[in-house]
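The values are calculated or read from the model by the stated rules, or taken from the named source; none is laboratory data. These numbers come from a predicted model, not from an experiment. Backbone-built Cβ (ideal geometry, glycine too); neighbour counts: all protein chains shown.
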Amino acid sequence: MRAFLSGLCFHAYQQVSYMILAEISPVTHSIDNCVKRVVVIVASVMFFRTPISPINSLKCRQRLKTQTYILMFDSSCGFLFL
């Protein structure tokens, strides 16, 4: 039953991903996936209270700052949204 539910959730995730990809550019979709990965890692560390090293914490923080900067840049207009 768990495998079926997992497969169903993955299929729904893929369908939503393709629907979003039809609406936005592939670059934006790729950046969103990178941000999602960091958010999932941080949320799971907080939820499961997994200890992480200061180096890994620094890497996650830097990744979020970089992704935030990239998301603020609109390539079609060529300027930053503040």
- Are any of the residues in region 23-35 on the phi < 0 side of the Ramachandran plot, touching a Pro at 6+ places or on another chain (Cβ under 9 Å) and among the hydrophobic types (A, V, I, L, M, F, W, C)? no
- Taking the condition among the hydrophobic types (A, V, I, L, M, F, W, C), surrounded by 10 or more Cβ atoms within 10 Å (Cβ to Cβ) and modelled with pLDDT under 85, does LEU8 pass? no
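Within region 19-32, work out how many residues are in a helix (DSSP H, G or I) and either among the small types (Gly, Ala, Ser) or surrounded by fewer than 11 Cβ atoms within 10 Å (Cβ to Cβ) (or both).
Residues that pass the stated criteria total 6.
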